[in-house]
1. With +1 on each Lys and Arg Cβ and -1 on each Asp and Glu Cβ, and nothing else charged, work out how big the dipole of the stretch 50-147 is about its Cα centre, in Debye to the nearest 20.
2. How would you classify the stretch 50-147 from its alpha-carbon gyration tensor, with a ≥ b ≥ c the square roots of the eigenvalues: rounded for a/c under 1.5, else prolate if a/b is greater than b/c, otherwise oblate?
3. Rounded to the nearest 0.05, what FRET efficiency do ARG138 and LEU101 give with R0 = 35 Å and r taken as the Cβ-Cβ distance? Could you check?
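Bear in mind these aren't lab numbers, they're just calculated from the coordinates by the rules spelled out. Predicted, not measured: the structure shown is a model, and the values here were computed from it. Every residue, glycine among them, receives a Cβ derived from its backbone with ideal geometry; neighbour counts consider all protein chains shown.
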Amino acid sequence: MPRPSKALALVAGLIAGVAMAQEAPPAAAPAAAPPPAKPAAPRVAQVTPVKERVLVVGALAKRTGETRFLTLKPGQFIDFAGIRITARTCETTPPWEWPKLQGAFLQVDERLAGQVKRVFSGWLYAESPSLNVMQHPRYDVWLKSCTMRFPDGPAPRTVPSSPAKKSPAAPESAAASLPR
């Protein structure tokens, strides 16, 4: 019965080999050099306080054709061609939200014959100036931008692209439009 002894010797050899492999310390892998650190963007702890926001307003005097872009912070005012534009606040959507919107609450006062009359008080929107319009026969005022900073949030959402027009000469099959 030489076979059982050879089989036992083979099993004993395998067990010993496995035991030796488990007892040996793992080979130390060479330490990889850390990648060079690039300067990180400054971390923002909170949304920009209202007093630190910056808004740009466009103004037009229709009689003279004079146009100006005025930079204001909330609480400031600027006199322009017979009106006083006062910025109360401005808001913009965070970079991770879509659609991107910017709005500002403005008050416009007109000075005529020593009297001051409020001609507009409300929100103006940069992306859709026709949504809420300052209607005046002699002046136009519109919002160009509102600048704010936000704490880090989710990755910015990409703007969905509009479907491209297809030429009638090259029709696309339904199978070609399926994701792969």
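1. Details: 14 positive and 9 negative charges, 59 e Å.
Computed charge dipole of the stretch 50-147: roughly 280 debye.
2. Details: a/c = 2.16, a/b = 1.73, b/c = 1.25.
Prolate shape, in that a/c is at least 1.5 and a/b is the bigger ratio.
3. Details: r = 29 Å, r/R0 = 0.82.
Given R0 = 35 Å and the Cβ-Cβ separation, E is 0.75.
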